[in-house]
Amino acid sequence: MPAKDELHRLVHSMSKAEKRYFRIFVKKENKGPTNYERLFDALLAQDRYDEAAICAQFSGTALARRISAEKNYLFHLVLKTIRLFHSEQNSYFQMRALIDDLHLLYQRRLYRACFRHLRRLRKLVSQHHYLPGALELHIWERRLLKEMPEKQRAVALERLVSEWRSLNDRLQNYLQLYQLHDEFYLSLVQRPVRQDRPLRETLDPLFAQPILQTPPPEAHFHARHFYYQIHALHAQIQGDGPACLELHQRLIAHWDQHSALIKSEPARFKSLVANTMAMAAHNGKFDLLTKLRRRLDQLPQLREHAEFRILRIAHQTELIRYMNEQVYGALPAGVHQATEWFQDQGDRLPRKTQITFLYNLGLIHLLGRAARKSLALFHDLINISATHERQDLRTQARILQLYCHLELDNRLLVHDLSQNVLRSLPSSLKKDPIARAAITGAQRLADCDTQAAQRAAFAQLEEDLQTLGNGTNSGIFALSADLLAYATTHSP
């Protein structure tokens, strides 16, 4: 029995075409409206699942009395219609259907039809490098061997033995690399990515294994995919951004050699392109970033939840690009699009991601001389619930608000707010040198009456931040770089 809201979530995950197919399928099976049709429409009408409202809507009917059974039936019916809808479009559904058909045909001794199905299955397995399908194919070919003409049996068996050796090598490579990839990933999940000795000591022996020294053959698609993924993770741990980017480019080239897989697994490929965009932005490869963005836009749209994740990465990449290009001025279209997207969809992000996104947007608008918008974004960040999340960015946003008020010529307000910011600092940051230098710098700038005085105040701020930024132990170390970028762009 599915959880109470799973049916509601399943129904709302359906595309328009899937809903239309469901209605057509139900009407073919039944002459009039059924209880599960009514329940389907009632669930579609609800933004949030409310079982009490559904029971009240159908009060006094058999549906209300049997609501649990009707929900269970509808859950499996919706799954069945989605499966049927995709059976002619999705290659994996087609392979699964061919294997199911082989069982039925073999039981009825329709061996000629079995061989036709095997030929179709072999073609699909080869195109999509589907290892479970390759294993099933081999099992069925072995089973049907005795139904072949005797003259062909020896040749077929020789081919099967050769293919089994090849399949066995592919499976071993795939499983070993899959396991190594998971061990690498588990190490990263269990402790933050840092270039510290213990983490390196854990992962270096894994990376030294012989299977990671030579890439698998091109034909071993999945094994080669994990080989590059592991090397990219290792480069990330080493802090080698260019090597990590190069390995992701090799991954994209590897997928391009197997275009059928891009069509059958668009979400995986699109995610790979989006992540490579982010790495290109971090490494200052802006021509490559533009090229990858065009490629991303040309790929087909995914389901809503998957497309949301891709768009999040793409918009975050635009913010990284603006910061790394360091050509501050009028905000480019990509930043405006990211701002609009966040205002429309930001509530769906985890709290920690929301705070990071808001901080980056606020900083970029401040650097782009859009101080009023920056002030509003920082205000939204500070007022997000879950106050324990990202205290460092909350503190940095409060300090940068002082500089927003400077840009808006609210000089008297800066002095009053400075005291509030000092009082609101977490206990761990009360004596933080960068926090105090940043607040003192804002107060000094608020007292300037001439451009010469402003230049001197900015020069002092830059000198303080550069001194403190070299080796100072600070809980808001990143603020020094952000304020240096501000000072560089706003000094008269």
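Every read-out reported here was derived from the displayed coordinates using simple, explicitly stated rules and does not represent laboratory data. Quick caveat: nothing in here was measured; it's all calculated off a predicted structure. Counting neighbours? That spans all protein chains shown, and the Cβs are built from the backbone with ideal geometry, glycine included.
What to note about this one:
- Residue pairs, from the table 123/263; 123/270; 123/151; 27/80; 270/291; 16/80, whose Cα atoms sit over 22 Å apart: 123/270; 123/151
- Applying 1/(1 + (r/R0)^6) with R0 = 25 Å to the Cβ-Cβ distance of residue 204 and residue 250 gives a FRET efficiency near 0.70.
- Only DSSP H runs of four or more residues enter the estimate; each adds -39500 (n - 2.57), and after division by the residues of the chain the mean residue ellipticity at 222 nm equals -25000 deg cm²/dmol.
- For region 260-344: rounded, prolate or oblate by the Cα gyration tensor [a/c cutoff 1.5]: oblate
- In region 391-474, a dipole from Cβ-located charges (positive for Lys and Arg, negative for Asp and Glu) runs towards its positive end, and of 418, 406, 457 it is 418 whose Cα lies farthest in that direction.
- Separation of region 312-342 from region 90-122 is 51 Å, based on Cα centroids.
- In a simple Cβ point-charge model (Lys, Arg +1; Asp, Glu -1; nothing else charged), region 30-178 has a dipole of about 780 debye relative to its Cα centre.
- Calculated FRET efficiency for the pair residue 410/residue 467, C-beta based, R₀ 45 Å, to 0.05: 0.95
- Gyration tensor (alpha-carbon) shape descriptor, region 313-450, a/c threshold 1.5: oblate
- When GluC sites (Glu not before Pro) are flagged only if DSSP places them in a loop and at most 12 other Cβ atoms lie within 10 Å, the longest unflagged stretch of the chain comes out as 219-492.
- Loop-located trypsin sites (Lys or Arg not before Pro) in region 28-74 (DSSP state not H, G, I, E or B) with no more than 15 neighbouring Cβ atoms inside 10 Å: 31, 48, 66.
- Relative to one another, the C-alpha centroids of region 22-77 and region 355-433 are positioned 50 Å apart.
- Whole-Å semi-axes of the chain's equivalent ellipsoid (Cα gyration tensor): 55, 33, 19
- If the convex hull is drawn through the Cα atoms of region 236-395, its volume per residue in Å³: 127 Å³
- Note: relative contact order over the chain, using C-alpha pairs below 8 Å and six or more positions apart, is 7 percent.
- The ranking of 61, 395, 276 from fewest to most other beta carbons within 10 Å of each one's beta carbon is 61, 395, 276.
- Under the span-like rule (Cα at least 27 Å along the axis, Kyte-Doolittle mean at least 0.0), DSSP H helices of the chain: 67-86
- Cleavage-rule hits, trypsin sites (Lys or Arg not before Pro), region 100-162, DSSP coil, Cβ neighbours within 10 Å at most 16: 108, 109
- Rounded to the nearest 20 debye, the dipole size of region 112-246 about its Cα centre is 940 debye, using +1 on the Cβ of Lys and Arg and -1 on the Cβ of Asp and Glu.
- Dipole of the chain, positive end: most advanced residue of 396, 176, 480 [Cβ charges, Cα centre]: 176
- Arranged from fewest to most other beta-carbon atoms within 10 Å of their beta carbon, 114, 404 become 114, 404.
- Looking at region 221-322, the trypsin sites (Lys or Arg not before Pro) that sit in a DSSP loop and have at most 16 other Cβ atoms within 10 Å of their own Cβ are 303.
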